[in-house]
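Read the structure below first, then the notes.
Every number in this text was worked out from the coordinates using simple rules, so none of it is lab data. Note that the coordinates shown come from a computational prediction; the quantities given were computed from them, not determined experimentally. Virtual Cβ from ideal backbone geometry, glycine too; neighbours counted across all protein chains shown.
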Amino acid sequence: MPEPIGPRGFTRRRLLGGGAAAAGAVGLGAGAIALTGHDTHRAAPATEPFYGPHQAGIATAPPTHVAFVGFDLRPGLDRDDIAGVLKIWTGDAARLTQGTPALADTEPELAARPSRLTVTVGLGPAVFTAAGLEQRRPAWLRPLPPFTIDRLEPGWSDGDLLLQICAEEATAVAHAVRVLCRSVTSLITVRWVQRGFRDAAPGQTPRNLMGQVDGTVNIAAPDLDRLVWDDGAAQPWLAGGTSLVLRRIAMALDTWDEIDAEGRELTVGRKLGNGAPLTGSREFDEPDFAAVDAHGIPVIPPSSHIARARHTHDGERFLRRGYNYDDAPAPGQTSNSGLLFAAYQRDVDAQYLPVQQRLADFDALNVWTTPIGSSVFVIPPGVPEPGGYLGQTLFES
Ligand code: HEM
């Protein structure tokens, strides 16, 4: 095994050498699932598979913690540099997710509890320009058009590369972020880090910080192939991949607190107690958007969030995998909370945009929610087996 790369003597040459070695060493880490005594009592499996046709972290049941990390490419990078970053990340992710320290791990002790760690890699538009591969860029890979509701901050938006790191334990996430950022610092720089959390009793849908049951209507496993995983028809290299739209949406909790329970339920179209639609009694009851009360008034207001967000045809559906954020408020403020809204779909333009446009045009929830960050990434397919690397089909096919 190569010697660990130290923080000093950290040249680009050694970095890329480490990357190739890391990619080659993937097979060593793959079978080495390290279940510690502490892990064995956990109900959830301690490791998620790394290899497969799709990257982990999308169809995977969402763990409690996430860090989305957006990066900028340093000026002057070429195709080999970017492939080098992806090789390093592949090698490190294959090891860390299975409970094995990364090759240059400075805190190898922290790798012992992966706690369902997943590492998902995304590429922004600039990768295709820098790599001279514009003809392979999916047509939808560009920033979303501006919406009137947006108050986007550059510090929370865009990005050339993405790491989405999830685990049941915050320490596993922090360690993976540290290792994966540190190993590529000569080539790319961190643009933003967005940390979030979601938790619920086993089998239950989590709540967002407005108190609502959030995540009820979603895509089930049989529909993933049709709606989430790309079939390679437009871009053969992308077969098995997908896209991510990440929106950072701030919640005005101080004014939301002034609304009574009935007002809150009419805003979303669902009950606070169990998330049932206003026309039903159980969470997964089908909403009846045509139902009216004794006065002829719709029971689920047409302006409510679920009425506006509901797909008008099957091709407008996508996988939602949101996380709450709760950061330190600015001086004088009382909260800095919201949603890291993450949507995965084959085609951003066809599936996501019409829904987002409807919500931007009108959604009762908009009074209390403001998009402050926005990014779009292509998520390459997974690495089928040891020896390959993330993005290989883009660079080599
Ligand atoms: C802070 C912002 C947001 C909050 C608090 C929020 C909250 C909710 C809640 C409570 C539900 C009902 C339960 C469920 O089915 O999960 C819901 C449903 C939904 N939301 Fe959002 N949401 C937000 C932003 C968005 C955005 C930006 C989009 C897409 C552009 C979106 C799309 C949807 C969709 C498609 C549904 C399911 C609608 C249905 O068919 O019943 N949401 N959301």
I want to verify the translational diffusion coefficient of segment 248-397 in µm²/s; compute it with Stokes-Einstein, Rh as the Kirkwood radius over Cα pairs, at 10 °C and 1.306 mPa s.
88
Pairs of Cα atoms farther than 17 Å apart, segment 205-293, %:
64
Relative exposure of Ile88, Ile249, Ile149, judged by other C-beta atoms within 10 Å (fewest first):
Ile149, Ile249, Ile88
Pairwise FRET efficiency - Ala201 versus Ala350, Cβ, R0 = 41 Å, nearest 0.05:
0.70
Expressed to one decimal in nm², the mean projection of the alpha carbon convex hull of the chain is 20.6
Provide the descending list of Cα extents for segment 86-239 along its principal axes, expressed in whole angstroms.
43, 43, 36
Output the direction-averaged projected area (hull surface divided by four) of the convex hull of the alpha-carbon atoms of segment 95-144, in nm².
5.6
Ratio for segment 69-108, C-alpha Rg to 2.2 N^0.38 Å, reads 1.37
I'd like the per residue volume of the convex hull spanned by the Cα atoms of segment 327-397, given in cubic angstrom.
155
Where in segment 274-327 are there trypsin sites (Lys or Arg not before Pro) that are in a DSSP coil and have at most 10 other Cβ atoms within 10 angstrom of their Cβ?
Arg282
Which of Leu353, Leu73 has the fewest Cβ neighbours within 10 Å, and the rest in rising order:
Leu353, Leu73
Sorting check: for 225-234, 59-68, which peptide has the highest mean count of neighbouring beta carbons within 10 Å, and how do the rest follow?
59-68, 225-234
